1. I need a count of the residues in the range 136-171 that are touching a helix residue (DSSP H, G or I) at 6+ places or on another chain (Cβ under 9 Å) and in a loop (DSSP other than H, G, I, E, B).
2. Select from the range 62-90 the residues that are within 15 Å of Ala211 (Cβ to Cβ) and in a helix (DSSP H, G or I) and write down the one among them that is nearest to the chain's Cα centre (by Cα).
3. Would you say Asn133 is closer than 21 Å to Ile42 by Cβ and part of a helix (DSSP H, G or I)?
4. Under 8 Å between Cβ atoms, at least 6 apart or on separate chains: pull out the pairs that start in the range 173-202 with a residue that is over 17 Å from Ser31 (Cα atoms) and end on any residue that is surrounded by 12 or more Cβ atoms within 10 Å (Cβ to Cβ) and among the aromatic types (Phe, Trp, Tyr).
5. Among residues belonging to the range 162-172 that are of a type outside the set (A, V, I, L, M, F, W, C) and farther than 15 Å from Phe29 by Cβ, point out the one that is surrounded by the most Cβ atoms within 10 Å (Cβ to Cβ).
6. I need the full set of residues from the range 142-153 which are surrounded by 18 or more Cβ atoms within 10 Å (Cβ to Cβ) and either closer than 28 Å to Ile92 by Cα or in contact with a Ser or Thr (Cβ under 8 Å, 6 or more places away or on another chain) (or both), in order please.
7. Could you go through the range 187-201 and let me know if any residue there is part of a loop (DSSP other than H, G, I, E, B), crowded, with 18+ Cβ neighbours inside 10 Å and more than 14 Å from the chain's Cα centre (by Cα).
8. Test Tyr59 against the stated conditions and say whether it is among the hydroxyl-bearing types (Ser, Thr, Tyr), buried (at least 17 other Cβ atoms within 10 Å of the Cβ) and part of a helix (DSSP H, G or I).
Amino acid sequence: MGYLEVLSQLDGLNDVSATCLIDVSASYFNSLFSFEFDVSNISDICSNTLKLKVNSGNYFQNISFSQAKVKSGNANSDYIDQRLFKDVIRKISKQIIGGYASVDILTNENEMLNAVNNSDASFCSGYNEKITNFTSIGYKTRSQYMNMTNSEAKAFYSLGHGLLSVILDNSGSDLTSYNNLSSSMSAAYSNNGNNLPIQINVPFIVGNYLAVRLNYNPSNENSYQFSPLAYKCLMRLV
């Protein structure tokens, strides 16, 4: 991209300098995780014996991270427009010229803005590539994935476990998701000749959140350098 290098991280919970929010279709992530249960009744699910795995797919489809709204750690909250691509430039401006105004950074403001916007495709492809690598790990119990040395894969498996926990623990306010999972388990058990274990996809639903980490680093092609910028981007599923 000339001015920036980007790094995709699926573990969005590490310390960052700012957080942002963007709405993404829940349908993108319907088949991200599969679960293997050794029971056919939802009320009998045991956290220690269930297994889960990551499924390959093009889940990050043209997500415009650069258009996310920065909610905390803003470079300058006085601006009405708090989209991420402008916040990145304001932070770089502060480092280079000592001010937050996003004007004529080394006379190449437009090129820098385009570089941030164009980074969206690299982030999406980077996340999809990581997910593809995770699919080779296969089904793992909680104890198995918590012992993995790949911290990003461990965090991603934990995300799947958290998805299931939300459905089970939140049945009082979201009975639909709970009943859908129960029905899917019953159908899978029947389709499997009433044999265990059973394997089903557990989809994300509207209202869930996914967090990813966006890292912007200076390209070696730059005549100037800046300290890398890290954002936690919350994807609100709609």
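1. Final tally of qualifying residues: 6.
2. Here the residue is Phe65.
3. no
4. That search, which allows pairs on different chains as well, returns Asn195/Tyr189; Leu196/Phe37; Leu196/Tyr189; Pro197/Phe37.
5. So the first thing to find is which residues in the range 162-172 are of a type outside the set (A, V, I, L, M, F, W, C), and the list is 162, 165, 169-172.
Now restrict to residues that are farther than 15 Å from Phe29 by Cβ: 165, 169-172.
Values: Ser165: 11, Asp169: 11, Asn170: 13, Ser171: 16, Gly172: 7.
It comes out as Ser171.
6. Tyr145
7. Narrowing the range 187-201 to residues part of a loop (DSSP other than H, G, I, E, B): 192-197.
Applying the additional criterion that residues be crowded, with 18+ Cβ neighbours inside 10 Å yields none.
No, every residue in the range 187-201 fails to be part of a loop (DSSP other than H, G, I, E, B), crowded, with 18+ Cβ neighbours inside 10 Å and more than 14 Å from the chain's Cα centre (by Cα).
8. Answer is no for this residue.
Values quoted throughout were computed directly from the atomic coordinates according to the rules given, and no laboratory measurement underlies them. None of the values given here were measured: they were computed from a predicted structure. Glycine also receives a Cβ, built like all others from the backbone with ideal geometry; neighbour counts cover every protein chain displayed.
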